[in-house]
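See structure below.
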Amino acid sequence: MTATSLPSQQQPLSLGARVHAYWQLIKSLQTGLLLVTAVAGFMSVCCPIKGWQTLIGLVLTMFCAISGSTVLNMAYDRDIDAKMARTARRPLPSGRISAAEALWVGLALCAVGVGGALALDPLYGLVVFAGAFFDVVIYTVWLKRRTPWSILWGGISGGMPVLAGRTLGMGQVETVGLLLALAVLLWIPTHIMTFSIKYAADYKRAGVPVFANTHGERITRLIISVSTALAVIVMTLAVWQIELHVKCVYANISLGAALMFFTLISLAFPSPKLNFGLFKFASLYMLASMMLIMLGA
């Protein structure tokens, strides 16, 4: 049986299997990373001990909004997932979870996340709603299958959690929050485009335009290099304005320099191994930057 001819209906899942399927459906690592950025944005302003009740509200609402958006994306993209070997065994294309069930779960999670965020703080709630709207409607439904430039809107939605956290702490949308969101936006190509180079054939088979297929691998790597340099510069500016402990600032600068060096090496000596290493290191850089903000603010 091939990956694309999996049965659409299977035996009912046990509770444990269903929980595991939904854990895959929300892309737990991606959701976790975005949640960390939201917490970092909040903690860059507020002491987590004094503001622990608000912090809990942030974690719960952001988790629901992010995971709900991801489930809705997976439900909409189940047809193209079924065409790619990398994604064919996901819960929806493999038939472990029905599309109707995933749609209702995704909508419910988004409603709880956005509704709870609006109740916690209206401006914070609007930022959370914008992130979900850009991710599901603009990026996934409208642009993903039409243009490789959809990655810009995916990056904007990816920057909303850290902006939301900062906005909740500050009570307003201000420069540092926008810089942090811009850093995430500029980091997205390093994270996603390296991935699309590795799986370019899968994306071509599914009919999803990515830069590696539409503009060539060389241009894609150049975009990654420029975007990485800009992401590091913007993140450094944001960290500087937050006025972190000097050791955290130096650590962030060192990590940024290492990422830029790794990117240049990958550009000069392209190989699948270096490409995959850059994909992983980009994720670690963003996670480490957010952890440094939490530790040093």
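Values quoted throughout were computed directly from the atomic coordinates according to the rules given, and no laboratory measurement underlies them. Quick caveat, the model's predicted, so the values are computed rather than measured. Cβ placement follows ideal geometry from the backbone for every residue including glycine, while neighbour counts extend to all protein chains displayed.
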Treat each spin label as a single point 7 Å out from the Cα along the C-beta direction, and report the residue 283 to residue 265 distance in nm.
-> 1.9 nm
Packing-based exposure ordering (other Cβ within 10 Å, fewest first) of 227, 69, 283 = 283, 227, 69
What is the Rg over Rh value, at two decimals, for the chain, using alpha-carbon atoms and the Kirkwood definition of Rh?
-> 0.98
Extension gain residue 53-residue 17, at 0.36 nm per residue separation less the Cα-Cα distance, in nm?
-> 9.7 nm
Before rounding to the nearest 500, sum -39500 (n - 2.57) across all DSSP H runs of length at least 4 in the chain and divide by the residue total; then give [θ] at 222 nm in deg cm²/dmol.
-> -25000 deg cm²/dmol
If a helix is a whole DSSP H run, which ones in the chain reach 18 Å or further along their own axis (Cα) and hold a mean Kyte-Doolittle hydropathy of at least -0.5?
-> 28-43, 52-76, 99-120, 150-170, 175-198, 217-242, 246-268, 272-296
Dimensions of the range 174-297 along principal axes (Cα, Å, largest first)?
-> 47, 29, 19
The range 34-81, Rg to Rh (Cα coordinates; Rh as Kirkwood inverse mean 1/r) = 1.19
The equivalent-ellipsoid semi-axes of the range 108-201, taken as the square roots of five times the Cα gyration tensor eigenvalues and listed largest first in whole Å, are 26, 16, 9
Convex hull (Cα only) mean projected area of the range 16-168, reported in nm² to one decimal | 9.1 nm²
Separation in nanometres of the label points that stand 7 Å from Cα toward Cβ, at residue 85 and residue 222 = 3.1 nm
Charge tally for neighbours of residue 128 with beta carbon under 15 Å away, counting Lys, Arg as +1 and Asp, Glu as -1, is -1
So, in Å, what gap is there between the alpha-carbon centers of the range 224-297 and the range 31-76?
-> 22 Å
Would you kindly give the portion of the calculated P(r) for the range 8-62 that falls above 14 Å, as a percent of all Cα pairs?
-> 65 percent
Can you flag which of 198/280; 204/280; 27/280; 144/273 are past 18 Å Cα-Cα?
-> 204/280; 144/273
In which sequence would 269, 42, 133 go, from the one with the fewest C-beta neighbours within 10 Å to the one with the most?
-> 269, 133, 42
Extension reserve of the residue 133-residue 233 stretch, reckoned as 0.36 nm per residue once the Cα distance is removed = 33.2 nm
Residue separation between residue 30 and residue 204 times 0.36 nm, minus their alpha-carbon distance, gives in nm 60.3 nm
Looking only at the range 31-59, which residues have a backbone nitrogen under 17 Å from a spot 7 Å from the Cα of residue 112 in the C-beta direction?
-> 31-32, 35, 56-59
